């Protein structure tokens, strides 16, 4: 199983979040580019023809995904992100059912030394029950903290982690949702309430 790659890269005044993952059901390796939480485009390659080869497995998929991720990062750094994103195949990619993760209480999450996040996993706008969530909480001067959960009948789940509010500006949470062989990964930056 490939967890995927997430990188923030800046070009000019814009910070791009680049997310790459294997879409096992569609036999696609896909990189999505986000600006301020909105997907601005995708780059995908199929590995369907390679599956029958004896020497093709997870290590080869991971290397291809790593190469695709690096290709998109370099295009952003060179100011050529628009030229690298898929255009001709946009309708095909749009037809693929997409999982999404929304952070429902992003405005108010830290109370009494606890970070509480309410998340909702959706597919085409509808809640996805039974999606498995893996959380990775990273903060300065501490090892990452991992926990898991499963969405309820409405596609919602929550986690609560004990953490000082002063550590939030330098912390992040990465969430991966898995359902029926599909995955989506989101990275959320944290900040201290003002």
### Task
Would you mind calculating the gained length between residue 124 and residue 35 on full extension (0.36 nm times residue separation, minus the Cα-Cα distance), in nm to one decimal?
30.0 nm
### Message
Please check: in the Gaussian network model of the chain (C-alpha springs, under 10 Å), which one of 53, 64, 98 has the largest mean-square fluctuation.
### Response
53
### Query
Can you tell which of 14, 134, 151 shows the greatest fluctuation in a Gaussian network model of the chain with Cα springs below 10 Å?
14
### Query
What FRET efficiency would be calculated for the residue pair residue 189, residue 67, taking the C-beta separation as r and a Förster radius of 35 Å, to the nearest 0.05?
0.85
### Query
For the pair residue 111 and residue 45, what calculated FRET efficiency results from E = 1/(1 + (r/R0)^6), where r is the Cβ-Cβ distance and R0 = 45 Å, to the nearest 0.05?
0.55
### Message
Using helices alone, I'd like the mean residue ellipticity at 222 nm for the chain: each DSSP H run of four-plus residues gives -39500 (n - 2.57), total over residue count, nearest 500.
### Response
-4500 deg cm²/dmol
### Task
Order by neighbour count: 122, 7, fewest other Cβ atoms within 10 Å first, most last.
7, 122
### Task
Please give the length that would be gained between residue 147 and residue 58 if that part of the chain were fully extended, namely 0.36 nm times their separation in residues minus their C-alpha to C-alpha distance (nm, one decimal).
29.6 nm
### Summary
If the chain between residue 170 and residue 27 were fully extended at 0.36 nm per residue, the gain over the current Cα-Cα distance would be 47.9 nm
### Query
Ranking 168, 115 by Cβ neighbours within 10 Å, fewest first, what do you get?
168, 115
#### Entry: Residues 29, 133, sorted so that the one with the fewest Cβ neighbours within 10 Å comes first
133, 29
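Just so you know, all these numbers are worked out from the coordinates, no wet-lab data involved. Keep in mind the model is a prediction, meaning the values are calculated, not measured. A quick note on method: Cβ atoms are made from the backbone with ideal geometry, for glycine too, and the neighbour counts reach across all protein chains shown.
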